[in-house]
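Presented below is the structure to which this report refers.
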Amino acid sequence: MSDVHQAGRRERKKAATRALIVEAAHELFLERGFDAVSVREIADKADVSPTTVFAHFPQKEALAFGDEDERHEQLVVAIRDRAPGTSISAALKAHYLAEIAALGSEPQRQLLALMEQTPALIEYAERMWFRHEDALIAAITEEFGLAEPSDEIRFYVRFALQIQLNATRDADPEATIDAGFRLLDEGWAQYQGEA
C-alpha cells in the first residue's frame, strides 16, 4: 500500500473520530448543559479515551465548536477567492450573512442558545473568532503587495471581525452588519486610495 494511500486513510480515520467526538459532545451538552458534562463522559459516549478527545481538542470548550478549522478556512477563502470587482468588505459581508443564515437550522439554534447560557463558551467563541485575525491580515497584506501589514490593515481586520460578533448577538444582524461595514468602509476606502 502506498504512503499516500495510508496517509489518506489515516486522515479519514482521524476526521471520522473527530466527528464522532463532536457529535457525542453536542448531544450531551444539549441534553444536560455544558458545565454538567465531563470530558470522560464525552469520551465514553464516543467510545474513545479522554486522551483521544484531548488529542483532537485542546480544551472542553473547543468541543462545542467542532467546525473551527473549517470556519477559519472559509473566512480566508471569502477574501482570497472573491469575484473580481468585489470589495473585501462586500465579500466579508456576504460571508457573515451566509454564516448567520446557517445558524437558523435547529441544531445550530440549540447550540447558539447553549453558548449564550454558558459564559465559558461565550469567552471561548470570542477568542476563537479573533484567531482568524492573523490569517486575514496576511491575505490582505499579500493582495496589496506589501511586505508587512500596515496599521490600517490590522485595524480594518480587527474591526471587521468585531462586526460579526456584534451581529450574532443582535436581533437584526443584517442591519448591524450593514451599519458596521458602512462605518468601516469610509476609512477603508480612503486607505485603499492611498495604498
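Tell me yes or no: at least one residue of the stretch 50-68 is surrounded by 14 or more Cβ atoms within 10 Å (Cβ to Cβ), of a type in the set (S, T, N, Q) and modelled with pLDDT of 90 or more.
yes
If you check every pair at least six apart or on different chains, which have Cβ atoms under 8 Å apart with a residue in the stretch 17-44 that is charged (D, E, K, R) first and a residue that is open to solvent by 60 Å² or more (accessible area, probe 1.4 Å) second?
What qualifies is 27/45.
Just for helices (runs of 4 or more DSSP H) wholly inside the stretch 24-109: which have at least 1 residues that are polar (S, T, N, Q) and at negative phi?
So the answer is 50-56, 68-80, 88-102.
Looking at the stretch 136-161, I want the residues that are open to solvent by 50 Å² or more (accessible area, probe 1.4 Å) and modelled with pLDDT under 95 and have a partner that is among the aromatic types (Phe, Trp, Tyr) and assigned to a helix (DSSP H, G or I) with Cβ atoms under 6 Å, at least 6 apart or on another chain. Which pairs are those?
Once the first residue is open to solvent by 50 Å² or more (accessible area, probe 1.4 Å) and modelled with pLDDT under 95 and sits in the stretch 136-161, its partners that are among the aromatic types (Phe, Trp, Tyr) and assigned to a helix (DSSP H, G or I) give 152/191.
Run down 80, 109 and say which single residue is open to solvent by 50 Å² or more (accessible area, probe 1.4 Å), within 18 Å of the chain's Cα centre (by Cα) and farther than 26 Å from residue 170 by Cα.
The match here is 80.
When residue 177 is evaluated against the numbered criteria (1) aliphatic (A, V, I, L, M); (2) out of contact with any Phe, Trp or Tyr (no Cβ under 8 Å at 6 or more places or on another chain); (3) part of a helix (DSSP H, G or I), which criterion, by number, is the only one it fails?
Going through (1) aliphatic (A, V, I, L, M); (2) out of contact with any Phe, Trp or Tyr (no Cβ under 8 Å at 6 or more places or on another chain); (3) part of a helix (DSSP H, G or I) one by one, residue 177 breaks only (2).
The values are calculated or read from the model by the stated rules, or taken from the named source; none is laboratory data. Keep in mind it's a predicted model, so treat the numbers as computed, not measured. Neighbour counts run over all protein chains shown; Cβ positions are idealised from the backbone, glycine included. SASA here: full protein model, heavy atoms, side chains in, ligands and nucleic acids out. Shrake-Rupley method; radii C 1.70, N 1.55, O 1.52, S 1.80 Å.
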